[in-house]
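Data block below; observations after.
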Amino acid sequence: MTRGPEIKNAQAELHRFRVRLAIGGAIVLLMFGGLFSRFFFLQVVQHEHYQTQAENNRISIVPVAPNRGLIVDRNGSVLAHNYSAYTLEITPGKVHNVDKLIGQLSAIVDISVRDRKRFKKLLEESQDFESLPIRTRLNDTEVARFVANRYRFPEIELKARAFRHYPKAELASHVVGYIGRINDKDQAQLEASGRAPNYRGSLHLGKIGLEQSYEKELHGAAGFERVEIDAGGRVVRALSRTPPVSGSNLILSLDIRLQEIVEQAFGDRRGAFVAIEPATGEVLAFLSKPGYDGNLFVDGIDSQNWEALSTSPDRPLSNRALQGQYPPGSTFKPFMALAGLDLGKRTPQTTISDPGFFTLPGHSHHYRDWKLSGHGRVDLHKSLVISCDTYYYGLANELGVDAINSYIGQFGFGKKTGIDVEGESTGILPSTAWKQKRHKQKWFAGDTISVGIGQGYNIATPLQLAHATAVIANDGKAMKPHFVKQIQALDAAQPAAVEPVPLNTIDFKPDNLRRVQAAMVDVTRTGGTAAKAGANAEYVFAGKTGTAQVIAIKQNEKYDESKVADRHRDHAWFIAYAPAENPKIAVAVLVENGGHGGSTAAPIARIAFDYYLLGKRPEITGIAPEDDEAQSD
């Protein structure tokens, strides 16, 4: 049976359609309601928040590094200054293949092997987000060439930077020091000290010398700019600027011309020279020979130059004046003489018989004098003028090492002077307690004998000897040595003076001091160990020569310099001050492996005195050794 066509219920279909339409409409309305609510939330409720974000995307705060302060000597000669130049910088984190990029850049701007090595070294020490210089100090032609091709190198920035320059290079390197790039260790220290915000935008800080010690004064205060940037992150225009505050200038007590003359007098020899104004402690010259060029370190020293400096047998990076530790030799004798007089172990009239050696009671070992035949009858005055070892062997034995340590420690031996640069060595002024602590051994009587002539465990720096000499020249008043004479802030009408700082005053018996000073004057006159250096001087000066052993000599064996390797020869010392009646300058001269102080070190001091006191600028032809036996010390 065949069924007929099905009759549809139109009303039911219409109802279902309307229900579906209502549900669909409700869903659409609900969705639009959600969108409207979201738009309302973003545009009205969160309007200020997103407006700020949009503004921040358009506006950037750019830190502005301050200009670093200048460093000049007492006469205004510039030792450290700044100049502006362009540099090309790469941020490694933004580059997929740094080597490829540098290769492409080298077709436009010359990139040397040194540039590549320096960049590689900086890359190892820095974070990926830091921009690093691949080329610095571009000339105008190189800048124009890069700008014309800039569209090819969106990863490379052309920046104007301030560069530090040391015009005196090696001459003042161990005083001024140098700046270097801020590394992870520096950054951690800045953050720990709360100074990190002031270094935003700065790439360098002081690493050594005055650049390090006076970093706070030299650096200044950072500023900032509000700039508008485009979608590519490039600056469109500056909106506002808070200028940085430049660092203060340092005016030193150093006389760089004096230092230059002394450096020339040294010639090719190694050594150190320190000159101090006794009344104030101002350092007039501070030379460590050889030096180094601080300019090599500003952008990061390359491996070739670093290797040459760090492996050189002449140790140019070593600050001999501040850190070099040497036996003071016979320059120690004036301080021993004062100890003997003030502590009652000697009178000016006390004499000894010098057979050319000293023997401890009950012992057979001979401590020889530099003159094997001896000096005959010797009193205190003669002991200094001819530098008699035997006199001081006996005096040291009578005083004892602890009395020597207590008395002579007042002159600054065995401790830091407190000079205003970091890294000073303490030297060694031994005692029984020191040896027990350092070597876990008792002190022997024989140890004291060598200390009496500035040998054995006795170690001093050139700075300590210059300071101690200044104390004698200043009648026992010890002043703290310092380089900085004035600090000039740019917003100050007058520079602020650095006031002299007294350390201590030694309570000499006046007659004893005068006798030692008079003997030191006669050291530079006929018959004295520095007589040739003092000949025909237009002023009176006082001094003491010294020879410090580098290697031990067997008992009764005469030292023959010609049979000893150059670097095993004795060191030459000379301490002095001038004019003797009103001292303006006190010096310590050390010539490494220079032999006798009277023939090698003393002439350098004479040249320095002639310039500083008389303005003489000598033609220096070198310092020749002398054969006169009276010059042996």
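The values are calculated or read from the model by the stated rules, or taken from the named source; none is laboratory data. Just so you know, these numbers come straight off a predicted model, no measurement behind them. For neighbour counting, all protein chains shown are included, and Cβ atoms are generated from backbone atoms with ideal geometry for every residue, glycine included. For accessibility, only protein heavy atoms count, side chains too; no ligands or nucleic acids. Shrake-Rupley method; radii C 1.70, N 1.55, O 1.52, S 1.80 Å.
Normalised by the number of residues in region 214-357, the average gap of Cα pairs under 8 Å and 6 or more apart makes the relative contact order 14 percent.
Backbone geometry of region 431-437 corresponds, through the Karplus equation with coefficients 6.51, -1.76 and 1.60 at θ = phi - 60°, to 3J(HN,Hα) couplings of 8, 5, 5, 4, 5, 5, 6 Hz, x marking Gly and Pro. Relative to one another, the C-alpha centroids of region 480-516 and region 170-192 are positioned 27 Å apart.
Close amide H pairs (under 5 Å, H built 1.01 Å from N) link Arg200 with no residue at least 5 positions away or on another chain.
With contacts taken as Cα pairs under 8 Å and at least 6 residues apart, the chain reaches a relative contact order of 14 percent. Counting only protein heavy atoms and a 1.4 Å probe, region 241-339 has 29 square angstrom of accessible area per residue.
With the highest mean first, a sort of the peptides 522-529, 284-291, 71-78 on other beta-carbon atoms found within 10 angstrom per residue produces 284-291, 522-529, 71-78. Close amide H pairs (under 5 Å, H built 1.01 Å from N) link Ala460 with Tyr326, Ile428, residues at least 5 positions away or on another chain.
Taking θ as phi - 60° and the Karplus parameters 6.51, -1.76 and 1.60, the scalar couplings of region 459-465 work out to 9, 9, 9, x, 4, 4, 5 Hz in sequence order, x denoting glycine and proline.
Which order do Leu35, Leu613, Leu380 take by accessible area at a 1.4 Å probe, largest first?
The ordering from most to least exposed comes out as Leu35, Leu613, Leu380.
Quick one: if the Förster radius is 41 Å, what FRET efficiency do Ala433 and Thr351 give, using the C-beta to C-beta distance and rounding to 0.05? It comes out at approximately 0.75. With R₀ fixed at 41 Å, the C-beta to C-beta distance from Ala535 to Glu307 puts the FRET efficiency at about 0.35. Rolling a 1.4 Å probe over the protein heavy atoms gives region 83-166 an accessible area of 55 Å² per residue.
The label point for His165 and the one for Arg137, both projected 7 Å from the Cα toward the Cβ, are 0.8 nm apart. Note on region 83-166: with neighbouring protein chains present and a 1.4 Å probe, carbon and sulfur make up 48 percent of its accessible heavy-atom surface. Ordering Met479, Met31, Met520 by accessible surface, largest first, gives Met31, Met479, Met520; the 1.4 Å probe counts only protein heavy atoms, with every chain in place.
Solvent-accessible area of region 390-497 (1.4 angstrom probe, protein heavy atoms only): carbon and sulfur portion equals 50 percent.
Simple spin-label estimate for Ala26 and Lys480 gives 8.7 nm between the two label positions (7 Å along the Cα-to-Cβ direction from each Cα). Taking label points 7 Å from Cα along the Cα-to-Cβ direction, Leu503 and Val95 give a separation of 5.1 nm. Each residue of region 191-203 was assigned a 3J(HN,Hα) from its phi angle through the Karplus curve 6.51 cos²θ - 1.76 cosθ + 1.60 (θ = phi - 60°); the sequence is 5, 5, 8, x, 9, 4, x, 6, 10, 5, x, 8, 9 Hz, with glycine and proline shown as x. For region 567-611, the fraction of 1.4 Å probe accessible surface lying on carbon and sulfur atoms is 44 percent. Each stretch of four or more DSSP H residues adds -39500 (n - 2.57); spread over every residue of the chain, this sum gives -10000 deg cm²/dmol at 222 nm.
Summing charges over all other residues whose Cβ lies under 12 Å from the Cβ of Ile179, with Lys and Arg as +1 and Asp and Glu as -1, gives 0. Proximity of backbone amide H atoms, modeled 1.01 Å from N, is registered between Phe357 and Asp369 at under 5 Å, excluding neighbours fewer than 5 places apart on the same chain.
Between Asp184 and Ser112, what is the FRET efficiency for a Förster distance of 22 Å, r being their Cβ-Cβ separation, to the nearest 0.05? Using R0 = 22 Å, I get an efficiency of 0.25.
Between the entries [x] 44.9; [y] 51.2; [z] 35.3, the label attached to mean projected area of the Cα convex hull in nm² calculated for this structure is [y].
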